[in-house]
Each structure stands twice: as structure tokens, then as C-alpha cells.
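Below: the structure, in C-alpha cells.
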Amino acid sequence: MEFRTFGIVGGGQMGKSIAEKVASSGIDVIVLEASPARAAEARAELERSLDHELEKWGITASEKKAILGRVRFTAEVADLAAADLVIEAVNEDLDLKKDVMRRLGAVCAPDRVFVTNTSTLSITEIGAASGRPDRVVGMHFMYPVTRSPIVEVVRGSETSDATFQTGLAVAKLLDKEVIEVFEYPGYVVTRAIIPFLNEAVHLVMEGVASAEDVDKALRLGYEFRMGPLEYVDRVGLDKVLGWMEHLWRELGDFKYRPCPLLRKMVRAGWLGRKSGRGFFRWEHGHRVAGGGAEALP
């Protein structure tokens, strides 16, 4: 299966990471953003991210140039008609994703396959909005896509075998280990991790241990790369809360009911790394000393 150009809808954190991975695999990329200003900003952010990798010797100057040369940002949805496959990577909002699918269905050829990147939502419901549900497959990429080794490839109720095979081919192209999943709320990764994250937040709320010590215990005790609360901070407390609320609504199991402390922090605007404060303090994307969740009134 040959791909020359991928379209990506959404130039945010995940969209840029997917674009970088696709471009580094030798495929041209067209990234759609909401406006010309947003498109220009997304390109500048990608260049800054590549510069950061260059400083760490993660890539070479020639690799940076090649990646930027393969990625084009646009605000015109019609530009995606030229893509061999389109990946939707907008925020985890069902109505937004359905609207994207409707717009793609109107401009792309009827045989074009669409990929929806979602961690919890229904592939079947998202796919139905496209007008071609048999040609929609889910791919739950892990951030950062450039380094994470796995992807969940998710079959919706109407995803055809050929479309599912296309998803597997994309995963192989991007050098990913595949988890094959039949649609169910939370799939594998998100469904398994949410109770773990929620319980870690409860430990802090109940005063059992500080956020620092909860993370230290679990990170060192089980040889995790990072503790659960640092993970929540990095992902964004609002995003994790959204995952929990979705699974709580869909499955009705108390293990998915969000901890009150998590709700309180989101309401206070303590969203983790992106806001500078969550369970820990952050400056310029890096953890610094100072009060986190325990300092919240």
C-alpha cells in the first residue's frame, strides 16, 4: 500500500507530533488548522519543537530541514482532497470530531480512508458523520508519537476489513507496535490507566502522602518512567478529567468517577504543565520546586 501524502486535521500538540512522525517516515503532510494565523503559529511551534530535538542531538540539522520541507500548513479544508489518507487529530470532543468528519466527507474522494485519533470516543459514532462509516478507522496514538512505540488500531461497528488493514499499514509505515481493538469505551490503554490515575489523586486528597511521595513510591516501586501525578500534569488535568467523565457516563462503574480534588483543580485553572501549576509547578515545560496540589485552598 503506497502513500505519498497524508492530511492531518488539527495542528495542536498531537497533530504536530503525528505530522513530525509521518514526515520523518518520508511522507508529505498537509496540516489543516482553523485559520491562517493558527496555521502559521502551528508551523512555528513545530519548528521550535524540532530545534529542541536538535539541541538534544535527537535529530540532525538535515533531518530538521527535511521534516519541515515535507510539512505544509493550511487553513483550507479543500487542500486535503489531494491527500491519500486523512488523520483527524482535533481535541477530544465528540461534536467537534463529527463536524470534522462531515467536512472531510464533503471534500475528499468517496474511496478515501479517514483515521480518527481518539483515546475514548466511539469510532462508530464519529465514522457515521463522515457518510462513509466503512472507511473510518480509529488509531489511538500515544504522545509523543515520535517516540511512543505503540498505537491502538480500533475497529468501529462498520469499519471494513480493507479499512482496518489500511490502519495496520499506516502503523507499520510509522514503525509502531499494534494493539488491535474492537470498539469499547476507553479501548485498552485509557480504560486501564484511568483507575490508577484516579486512585493516585485520591491518595493526595485524603492526605495519605504528598504528591511528590505518591509519585516517588509508584515510580520507584514499579519502575515506571514517571509517576501517575506527573503524567496527569503532562497530559493536562482537564483532559484526564474528560476521559474519566466519559468512562463514568459510558460504563457507570465507580472506579471511573473523578476524584473531587481533580475537579477542584480544574475549576481553579490548575491544569498541569500547560498552565504552570497542577500537582507540581512548571516553568517553560519543566518541573520546578514549589507548592502543587497541597497548596490549593
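Data overview
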| item | result |
| --- | --- |
| Residue that is within 24 Å of LEU241 (Cα to Cα), modelled with pLDDT of 95 or more and over 18 Å from the mean Cα position of the chain (by Cα), where the choices are GLU125, GLU152 | GLU125 |
| Hits in region 173-190 - residues which are touching a strand residue (DSSP E or B) at 6+ places or on another chain (Cβ under 8 Å) and not in a strand (DSSP E or B) | LEU174, LYS176, GLU183, TYR187, VAL188, VAL189, THR190 |
| Looking only at region 222-245, and only at residues there that are assigned to a helix (DSSP H, G or I) and in contact with an Asp or Glu (Cβ under 8 Å, 6 or more places away or on another chain), the one that is nearest to VAL189 (Cα to Cα) | TRP243 |
| Any chance SER119 is among the polar types (S, T, N, Q), outside any strand (DSSP E or B), out of contact with any Leu (no Cβ under 7 Å at 6 or more places or on another chain) and crowded, with 22+ Cβ neighbours inside 10 Å | yes |
| Residues of region 140-167 classified as acidic (Asp, Glu) and under 26 Å from SER49 (Cβ atoms), total | 1 |
| Set GLU20, GLU53: member being modelled with pLDDT of 95 or more and either under 21 Å from the mean Cα position of the chain (by Cα) or hydroxyl-bearing (Ser, Thr, Tyr) (or both) | GLU20 |
| Pairs where the first residue, in region 50-71, is closer than 19 Å to ILE27 by Cβ and the second is surrounded by fewer than 11 Cβ atoms within 10 Å (Cβ to Cβ) and modelled with pLDDT of 95 or more, C-beta under 8 Å, 6+ apart | none |
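The values are calculated or read from the model by the stated rules, or taken from the named source; none is laboratory data. In this text the structure is predicted, and so the values were computed from the model without any measurement. Reconstructed Cβ throughout: ideal geometry from the backbone, glycine too, with neighbour counts over all protein chains shown.
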